[in-house]
Amino acid sequence: MEIKNINQYNQGIGKYKILSSNAGVGSIVATKWGGFIMPTSSSKWGVVTAVSEYLKNNSSEIIDATKISNETGVEIIEDNRFVGYLKKTEGMSHLKCLVGIPHVSLSMSNYCEINEHPSNVKYKELHPSSNGLNEGVFTVPATVFPRWFYSRKTSDLMPVEGWMNEWKSKNCNGGDLKYFAPPRDPSIKTNRKLGDPRLPDGKNKIHGLLEQVAMVLICPNGHISDIPWDKYFCAKLEQSKHINDEGFDLFHYEGDPCPNSDSGEHELQWLENRSHSESFGSLRCKCCNKRVSLEGIMNLRPKCPGDKPWEGIGVRDHVACIKKTTHERSIMTWAMVTSNSVYYAESFSSLFIPDCYRKGDNFLDDKQQKVLSLMKDKWFAKFVEKHPGASEQDYIDSIDIDTLIDKADDSDYEVSNEEMEKIVNVFLGANQEDEVGDVREQYRYSEYEVFQNNQVSLDESDKLRFNDIELPESLRPYFNKIQQVNTLGMSSTQINFSRVSMPQPILKDDGTIEYPNRMKIFKESPDEVLVMPANQSFGEGLFFSFNDETISNWCSIHASELSQHYASLDNHDETYENIYQEMRHGGVAKFFLLHTFSHILMKELEFSCGYPIASLSERLYFSDRMCGVLIYTADGAEGSMGGLVWQGQPELIEKIISQALQRAMNCASDPICWENEDQLNYAACFSCAMVSETSCEKRNVGLDRRILVDEKFGFFKDLC
């Protein structure tokens, strides 16, 4: 499959992968041609720019998803609850909506199939005079990264810009850069032809590929840089003893000029050590013939210059990259581009809860939200201009409800006295969720409450349908309820990303939890973001709510045994600190119980529901006030829709839980597995309790079969 367009490096990444843990903005994605690319800022994505431009041009309109979709050809994801959460927690005060990422397939010629794309067909039907949507709406832009390449034939080492110049200077394929992609070697001609009749035979050959240097420098704050090989060469020649010192200023190093080069710059070559395959080889200047070994390259610890190549090559943070703990310059570490440490995405998913479940003192519909925005951004702003330092309460005290209603009417929004009072309450911040110590726990608790407080779903929405089952007698002591969720929607987006290590939430002195906030996927400041990309999928599931009284009694009766069993839990790796703190806050034994039950049930359901375990996912509802799990699958998964819900019938689910517990009593790796105390896992391995990483919310951590079936303290020991 050839790539013959310099702007067409995207390798057909699916819509669900582009916001995932390994292929989001700022990640490094392996391609079919053997090199690596980096998806750029979401601010440059066609779906985002199209809708953002529409919203700017129609700022006075109430958000109408259907109208926006028809005018832009972009799918609008309707999830008001999720939008509200992002506005409050991520500083996106002007966020209007979420846009879906379209499915895109590649033709045999490696070009996007957009002519028959459903979105394009619909758009042309609505706009007969239009030629259809631009290809940019269906693609995610990316840039080649790392930028340094070397020739397998000549060993010359240059950034991709240098190779472009050489391509043009040697008049390869007529000097046309569209034939340079993916980065091709001007010195290697193959026997294959381009098939372009405009090129003479001598210029019609397809060139071989350049080799990408797969090493980078990464920073804990999310920055990433190419190793500046020209500066590294000079520094290694002149400062060999100090180049690996922590804090060495590699990026600003000024070395001596090459004595034999007209330009004074060393002309580098990448020389591999063929006698020692584990060695990276060496660099040599073909002008002065000086040479340095790459031995010790893994120990580079230079100061971070703040590079952000996903926003544009050469883009750097305006201020120096500083350690958040010591306030000193951050130090970068060496990494291969395929290392897990290069990218840690922080995604957030939201169960779609229809507005009919959310009616309360602080719930505002679209019209009321628009009036609230006017009150914040215009009326109150003008008041502060005249009265510097005035608060929201000062403004409300200075004006009456009738005047506010008239001001809304002047902006073509008709609101009642009751509606305006509700808007004012929200404006003043009465009973807002962000007063809760853990905003994410509160957000998930609101989902938990919908299932807990309703035996059947409301008739007002067809996007969330569920019902209680009649609990079998044997399960009643253990579960508060089990529900069949016939229809559910799950929205997800990426919030931040980091590198080197996964950032941990911080428990502050006032009891609130501060979540990590590293690199954003967008370029502008959060309060300027109007649109966020997201994915929404619909599927089915089973919801289990544990009996709180039974868990409380069990924890009390077996307190000493459980405490002794989990005594080694404190000796965990720092990587798992956030999960450890979550366990301690909600109850260690309760967490192991809930999470392990979820996994063994998913494994058992694989045999009966028609879905492979990789198509099943868990959503844990765990804290000091909730204990439940939603096991679900979504469209696009392998399996037959309805197969999972079918297993929720009383006689079937009783049998499934019983069989899962029976299987949990034995493992092919016992007794080693049964007696394991590995970090935050105990009796658990891939043979018995671990599942696919895509199915688990907690990276397969916090699992222990013994908490379920141990003959002394197992929660379900009487059910086995």
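The values are calculated or read from the model by the stated rules, or taken from the named source; none is laboratory data. In this text the structure is predicted, and so the values were computed from the model without any measurement. Quick reminder, even Gly has a Cβ in these numbers, built from the backbone with ideal geometry, and neighbours come from all protein chains shown. Side chains included, ligands, DNA and RNA excluded: accessible areas come from the protein's heavy atoms. Shrake-Rupley method; radii C 1.70, N 1.55, O 1.52, S 1.80 Å.
Taking the accessible area of segment 220-342, probe 1.4 Å, and keeping the other protein chains in place, the carbon and sulfur fraction comes to 45%.
Loop-only trypsin sites (Lys or Arg not before Pro) in segment 475-555, please: DSSP not H, G, I, E or B, and at most 13 other Cβ atoms within 10 Å. Here the trypsin sites (Lys or Arg not before Pro) that fit, given the DSSP loop and packing criteria, are LYS508. Among the trypsin sites (Lys or Arg not before Pro) in segment 252-312, those located in a DSSP loop and surrounded by at most 12 other Cβ atoms within 10 Å of their own Cβ are ARG274. A simple spin-label model places pseudo-atoms 7 Å from Cα toward Cβ; at THR66 and ALA614 they are separated by 3.9 nm.
Once you have a ≥ b ≥ c as the square roots of the Cα gyration tensor eigenvalues for segment 154-226, tell me rounded if a/c is under 1.5, and otherwise prolate or oblate according to whether a/b is larger than b/c. Taking the square roots of the gyration eigenvalues as a ≥ b ≥ c, segment 154-226 is prolate. Here the extension length gained between GLU265 and HIS103 equals 53.7 nm, from 0.36 nm per residue of separation less the Cα-Cα distance. The fraction of accessible area contributed by carbon and sulfur in segment 605-720 is 48 percent, rounded to a whole number (1.4 Å probe; ligands and nucleic acids excluded). If you take all C-alpha pairs in segment 28-141, what percent of them are over 21 Å apart? Result for the distance tail: 45 percent. Across SER669, SER350, the residue with the most accessible area heads the list, and the full order at a 1.4 Å probe is SER669, SER350.
Accessible surface ranking for ILE322, ILE28, 1.4 angstrom probe, highest first: ILE322, ILE28. Summed over all non-identical Cα pairs, the Kirkwood treatment of segment 524-626 gives a radius of 16.9 Å.
Normalised by the number of residues in the chain, the mean separation of alpha-carbon contacts (under 8 Å, six or more apart) gives a relative contact order of 13 percent. With the simple model of a label 7 Å out from the Cα in the direction of the Cβ, ASP412 to LYS367 spans 1.4 nm. More than 12 angstrom separation, counting every C-alpha pair in segment 280-339; what % is that? Summing the P(r) tail past 12 Å for segment 280-339 gives 77 percent.
Counting every pair of alpha carbons in the chain, the share spaced more than 43 Å apart comes to 38 percent.
Extension gain for VAL315 to LYS193 (0.36 nm times residue separation, less C-alpha to C-alpha distance): 40.1 nm.
Scanning the chain for helices, which whole DSSP H stretches are 18 Å or more long along the axis (Cα) and average -0.5 or more by Kyte-Doolittle? Helices meeting the criterion: 588-608, 650-664. Taking 0.36 nm per residue of separation and subtracting the Cα-Cα distance, full extension of the segment from LEU126 to LYS717 would add 206.5 nm. Pairs to check: LYS96/LYS698; LYS590/LYS698; LYS178/LYS205; LYS17/LYS56; LYS168/LYS231; LYS96/LYS122. Give those whose C-alpha atoms are more than 19 Å from each other in this structure. Where the Cα-Cα span goes over 19 Å, the pairs concerned are LYS96/LYS698; LYS17/LYS56; LYS168/LYS231; LYS96/LYS122.
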